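Asks: Take a look at this one; I'll ask things after.
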Amino acid sequence: MFPELNNLLNTTPDQVEQGKLTLLCDAKTDGSFLVHHFLSFYLKANCKVCFVALIQSFSHYNIVGQKLGVSLTTARECGQLVFLEGLKSAVDVFFRPQEEPHPLQFLREANSGNLQPLYEFVQEALKPMDSGEAAWRCPVLLVDDLSVLLSLGVGAVAVLDFVHYCRATVCREWKGNVVALVHDSGDAEDEENDILLNGLGHQSHLILRAEGLATGFCKDVHGQLRILWRRSSQPTAQRDRSLTYQYKIQDKNVSFFAKGMSPAVL
Amino acid sequence: MAAAATCSTGTRSTGSMVVAASRNNVTSFQRRGPRTSGTDSGCSRLVSISGTRPSVRNGQLLVSTGLPALDQLLGGGLAVGTVLLIEEDKYNIYSPLLFKYFLAEGIVTGHTLLVASAKEDPADILQELPAPLLDDNCKKECDEDICNHKTESNVKMKIAWRYQLLPKIEARPVSSSRFGHYYDVSKRIPQELIEASKWHGFFLPEKISSTLNEDPCSLNHGYIKLLQFIQNIIYKEGFDGSNPQKKQKNILRIGIQNLGSPLWGDDICWTENCDSNCSLTKFLYMLRGLLRTSLSACIITVPTHLIQNKAIIARVTNLSDTVVGLESFIGSEKETNPLYKDYHGLIHIRQIPQLNNLICDVSDVKDLAFKLKRKLFTIEGTWVQALVRNY
């Protein structure tokens, strides 16, 4: 996790907000550093994490996680982390048909696809243990990323349904959190992606949007992060709070600074 | 790196519902380092795969694309387990060249090749590969090119002298060229080199049958056949570590030509609202899954300028690791632009993967142009030449 981002979001691993849906989106840049941040943050906060990693292999997240101070292998062995490696499972389900329902069953289906097996996988992974003792703080579902489901033939409505079910179970029933990454296609006119992004944007409590700089490529400032807090818990309508920072990604950390205040410029 | 027996990431049964592969899981993204225990013997075995080298940034195993200038722009080479997507230029003149450089590099370094095409027989593609310039006569022939290049660039800049200090992209051959070779496009590769190499060909009209007896899963029939073919080769020849008795590990180089074109049976190039608009993206995802769990690298050329739906281009880009776009000047107004007088086209590095890392090594120079000479495919930043000429 990045300490500076924790300060900006006003959270620490000791006090974790519960019952929230966080939407990560990136436009014209790569927002995967946010996924690494939340993964290491929730593992350090002693939460039980179910990570649906559809786009990269386990060792990729493991190596970056080690730089950020968490070991995914250890977490997986002791049961804190349930990792669905999308790429490996997709090869299994595609070339060797399984009898029992597989979370990525929709890959073998012809049209539109149903994410119910995936939801049942998440449910099974995160359900609170009946033994009574709370080993972990709260369940967290992390998805990287949802846009790839659209590329695999699942409709935007099916993905929204999946997120809705997960939110109802994980956030509302079990007081956990859901974090998902969606790419913003920008001017590529991807209607399905826009439906997904807008739908999730309305449901989320926190939106973190990583954008490339409008002026183009810069070596010292890699992009701009917009943080938007929505649906604050107080009933008295407070306006949604929004902050913008620019960032630079380094080997083990990401540094944030106010717009125009990059250390390279000052 | 990808030591077969150690560094296994097999899942334990602590409530995990992931369907575990029954054999050892070999990924090519393990980090080589003193921290990972028990991999020292594995690492020494891995370094000995010919034609590969570890990346200086993150220890990732790299192979050469066949173009040393492109290797440098991609951060040292193409990472094993990733896909290099070439967006074809308008008349498909230079992208087959990059495709052939990649395959020729595989033959010279002794890698196994898998060539897939819907247009040409893979055997014919292999016959047309450029001849490699081997170290002894390469130096003599390339030195004269370098002399010409250096005399131009040694013209001292009097006013904008700071630009002289900025780095140029190195195009000359490195003396110890076990990684990255140079090719002479005017000559064909010697027949004995092709016969000594191991290759598999997939020619779509031969493999596809008229009756569809597979269960439909919204993937194009040709793509399904190609995926099965690739998976079969990877499994049978042990590129995924399923055959640990094999003494010498090798890399599988996969080349797929004109993917997404109508010859593959895909209709994304002629209609905007196509029925199976996720066929190509699904194929790329499954291909990525196959590559990540094996010692292979893949080059794909896609005619993106023909794809009608821009959303599909964005999705295809997101599902590929490295994306390079070629834009040739033939037939465009840039042909007469004095700035581009010496060049044949522009090369756009659209995406570089960030593997095992938070940051990626992006080159500083963004306006890159390429020039094809008989023995050298050079890539240069265009503004350098413009300044040199003006002063």
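Asks: Can you confirm whether region A:43-60 contains a residue that is hydroxyl-bearing (Ser, Thr, Tyr) and either assigned to a strand (DSSP E or B) or more than 7 Å from every other protein chain (Cβ to nearest Cβ) (or both)? Talk me through it step by step, then tell me what you get.
Replies: So in region A:43-60, the residues hydroxyl-bearing (Ser, Thr, Tyr) come out as A:57, A:59.
Applying the additional criterion that residues be either assigned to a strand (DSSP E or B) or more than 7 Å from every other protein chain (Cβ to nearest Cβ) (or both) yields none.
Scanning region A:43-60 turns up no residue that is hydroxyl-bearing (Ser, Thr, Tyr) and either assigned to a strand (DSSP E or B) or more than 7 Å from every other protein chain (Cβ to nearest Cβ) (or both).
Asks: Do we find a residue being within 13 Å of chain B (Cβ to nearest Cβ) and in contact (Cβ under 8 Å) with a residue 40 or more places away in the chain anywhere in region A:161-168?
Replies: Restricting attention to region A:161-168, the residues satisfying the condition of being within 13 Å of chain B (Cβ to nearest Cβ) are none.
No, every residue in region A:161-168 fails to be within 13 Å of chain B (Cβ to nearest Cβ) and in contact (Cβ under 8 Å) with a residue 40 or more places away in the chain.
Asks: Within region A:29-38, identify whether any single residue is more than 17 Å from A:ASP144 (Cβ to Cβ) and modelled with pLDDT of 90 or more, and answer yes or no.
Replies: Our first condition is that a residue be more than 17 Å from A:ASP144 (Cβ to Cβ); within region A:29-38, this holds for none.
Looking through region A:29-38, none of the residues is more than 17 Å from A:ASP144 (Cβ to Cβ) and modelled with pLDDT of 90 or more.
Asks: Now for a different question. Within region B:307-338, can you find the residues that are more than 14 Å from chain A (Cβ to nearest Cβ) and buried (at least 16 other Cβ atoms within 10 Å of the Cβ)?
Replies: Going through region B:307-338, the residues more than 14 Å from chain A (Cβ to nearest Cβ) turn out to be B:324-338.
Scanning region B:307-338 gives B:VAL324, B:GLY325, B:LEU326, B:GLU327, B:SER328, B:PHE329, B:LYS334.
Asks: On to the next question. Which one is farthest from the other protein chains (Cβ to nearest Cβ), of the residues in region A:127-141 that are surrounded by fewer than 22 Cβ atoms within 10 Å (Cβ to Cβ) and within 27 Å of A:PHE33 (Cα to Cα)? Walk me through how you get there before you give the answer.
Replies: Taking region A:127-141 first, the residues surrounded by fewer than 22 Cβ atoms within 10 Å (Cβ to Cβ) are A:127-137.
Filter once more, so that each one left must be within 27 Å of A:PHE33 (Cα to Cα): A:136-137.
Values: A:TRP136: 12, A:ARG137: 17 Å.
Looking at residues that are surrounded by fewer than 22 Cβ atoms within 10 Å (Cβ to Cβ) and within 27 Å of A:PHE33 (Cα to Cα), I get A:ARG137.
Asks: Further question: Just wondering, is there one or more residues in region A:72-88 that are more than 9 Å from every other protein chain (Cβ to nearest Cβ), surrounded by fewer than 19 Cβ atoms within 10 Å (Cβ to Cβ) and farther than 23 Å from B:ILE234 by Cβ?
Replies: Checked against the condition, which is being more than 9 Å from every other protein chain (Cβ to nearest Cβ), surrounded by fewer than 19 Cβ atoms within 10 Å (Cβ to Cβ) and farther than 23 Å from B:ILE234 by Cβ, region A:72-88 yields at least one hit.
Asks: Within region B:284-308, which residues are assigned to a helix (DSSP H, G or I) and not hydroxyl-bearing (Ser, Thr, Tyr)?
Replies: Filtering region B:284-308 for residues assigned to a helix (DSSP H, G or I) gives B:284-292, B:304-306.
Passing the criteria: B:LEU284, B:MET286, B:LEU287, B:ARG288, B:GLY289, B:LEU290, B:LEU291, B:ARG292, B:HIS305, B:LEU306.
Asks: Looking at region B:73-108, which of its residues are of a type in the set (D, E, K, R), outside any loop (DSSP other than H, G, I, E, B) and in contact with a helix residue (DSSP H, G or I) (Cβ under 6 Å, 6 or more places away or on another chain)? Lay out the reasoning, then the answer.
Replies: Residues of region B:73-108 that are of a type in the set (D, E, K, R), as a first pass: B:87-90, B:100, B:105.
Subsequent filtering for residues that are outside any loop (DSSP other than H, G, I, E, B) retains B:87, B:100, B:105.
B:GLU87 - this is the single residue of region B:73-108 that is of a type in the set (D, E, K, R), outside any loop (DSSP other than H, G, I, E, B) and in contact with a helix residue (DSSP H, G or I) (Cβ under 6 Å, 6 or more places away or on another chain).
Asks: For region A:159-193, enumerate the residues that are among the polar types (S, T, N, Q), within 16 Å of A:GLU120 (Cβ to Cβ) and within 15 Å of the chain's Cα centre (by Cα).
Replies: The initial filter retains those residues of region A:159-193 that are among the polar types (S, T, N, Q), namely A:169, A:177, A:185, A:193.
Add one more test, that the residue is within 16 Å of A:GLU120 (Cβ to Cβ), and what stays is A:169.
Matches in region A:159-193: none.
Asks: Do we have B:LEU126 as closer than 29 Å to A:GLN56 by Cβ, in contact with a strand residue (DSSP E or B) (Cβ under 7 Å, 6 or more places away or on another chain), aliphatic (A, V, I, L, M) and at pLDDT below 95 here?
Replies: On the way: closer than 29 Å to A:GLN56 by Cβ: no; in contact with a strand residue (DSSP E or B) (Cβ under 7 Å, 6 or more places away or on another chain): yes; aliphatic (A, V, I, L, M): yes; at pLDDT below 95: yes.
No, not satisfied.
Asks: Name the one entry in A:LEU141, A:LEU84 that is at pLDDT 90 or above, closer than 29 Å to B:LEU219 by Cα, touching a Phe, Trp or Tyr at 6+ places or on another chain (Cβ under 9 Å) and assigned to a strand (DSSP E or B). Full working, then the answer.
Replies: Working: A:LEU141 fails: closer than 29 Å to B:LEU219 by Cα.
Unique residue meeting the criteria: A:LEU84.
Asks: Take region A:186-213 and flag every residue that is touching a strand residue (DSSP E or B) at 6+ places or on another chain (Cβ under 8 Å) and within 26 Å of B:THR304 (Cβ to Cβ).
Replies: Here is the first cut: in region A:186-213, the residues touching a strand residue (DSSP E or B) at 6+ places or on another chain (Cβ under 8 Å) are A:186, A:193, A:196-197, A:200-201, A:203-213.
Across region A:186-213, the qualifying residues are A:GLY186, A:ASN193, A:LEU196, A:LEU197, A:ALA210, A:GLU211, A:GLY212, A:LEU213.
Asks: Pick from A:LEU243, A:LEU206: which is surrounded by fewer than 18 Cβ atoms within 10 Å (Cβ to Cβ) and either closer than 20 Å to A:LEU5 by Cβ or at pLDDT 95 or above (or both)?
Replies: On the way: A:LEU206 fails: surrounded by fewer than 18 Cβ atoms within 10 Å (Cβ to Cβ).
Of the residues listed, the single one that is surrounded by fewer than 18 Cβ atoms within 10 Å (Cβ to Cβ) and either closer than 20 Å to A:LEU5 by Cβ or at pLDDT 95 or above (or both) is A:LEU243.
Asks: Here's another thing I want to ask about it. Conditions first: (1) crowded, with 22+ Cβ neighbours inside 10 Å; (2) touching an Asp or Glu at 6+ places or on another chain (Cβ under 8 Å). A:PRO101 passes all but one, so which condition is the exception?
Replies: All conditions pass for A:PRO101, except number (1).
Asks: Just checking, does region B:257-272 include any residue being assigned to a loop (DSSP other than H, G, I, E, B), under 17 Å from B:LEU306 (Cα atoms) and free of Cβ contacts under 8 Å to residues at least 12 places away in the same chain? Don't jump to the end; show me each part of the working.
Replies: Initial filter on region B:257-272 (assigned to a loop (DSSP other than H, G, I, E, B)): B:257-261, B:265-272.
Still in the list and also under 17 Å from B:LEU306 (Cα atoms): B:257-261, B:265-272.
Add one more test, that the residue is free of Cβ contacts under 8 Å to residues at least 12 places away in the same chain, and what stays is B:267.
Yes, the conditions are met somewhere in region B:257-272.
The values are calculated or read from the model by the stated rules, or taken from the named source; none is laboratory data. As the structure is a computational prediction, the values presented were derived from the model and not from experiment. Note that each Cβ is placed from the backbone with ideal geometry, even for glycine, and that neighbours are counted across all protein chains shown.
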